[in-house]
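Below is one structure, written out as structure tokens; comments come after it.
The values are calculated or read from the model by the stated rules, or taken from the named source; none is laboratory data. Values in this document were obtained by computation on a predicted structure and should not be read as measured data. Cβ: placed from backbone, ideal geometry, glycine included. Neighbour counts: every protein chain shown.
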Ligand SMILES: [Zn+2]
């Protein structure tokens, strides 16, 4: 896939969230994130499994985290659309700490 090849050239520094910031700001990520949202019909896939329809506060999650699988960072198959609540659950975050993770928030 073109994205992956390009990504390898990008050499993302996965040391921490700060060094990974350029990745989340990249046009490639933004484009792919949009594709993931379209593929998932702009609804939370976890809520959908529970029979709920959530189309607000959507974020695109890496199934295999970029930190550990940077080669999958731009693989559409490694992405899924989650709402903010499900995304927090998935990463085991307390909602009070949500500010820290702003870089994965989808901006409409
Ligand atoms: Zn959800």
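Structure data summary
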| read-out | value |
| --- | --- |
| Residue match in segment 78-92 (condition: more than 16 Å from the ligand (Cβ to nearest atom), in a loop (DSSP other than H, G, I, E, B) and modelled with pLDDT under 95) | no |
| Segment 67-93 - residue that is farther than 24 Å from residue 26 by Cβ and over 13 Å from the mean Cα position of the chain (by Cα) and, of those, surrounded by the fewest Cβ atoms within 10 Å (Cβ to Cβ) | 92 |
| Among residues of segment 36-66, those that are outside any helix (DSSP H, G or I) and either over 24 Å from residue 13 (Cβ atoms) or more than 12 Å from the chain's Cα centre (by Cα) (or both), counted | 14 |
| Residues (farther than 14 Å from residue 80 by Cα and away from the ligand (no atom under 16 Å from the Cβ)) located in segment 32-67 | 67 |
| Residue 25, sole failed condition from (1) surrounded by fewer than 13 Cβ atoms within 10 Å (Cβ to Cβ); (2) in contact with a helix residue (DSSP H, G or I) (Cβ under 9 Å, 6 or more places away or on another chain); (3) at pLDDT 95 or above | (3) |
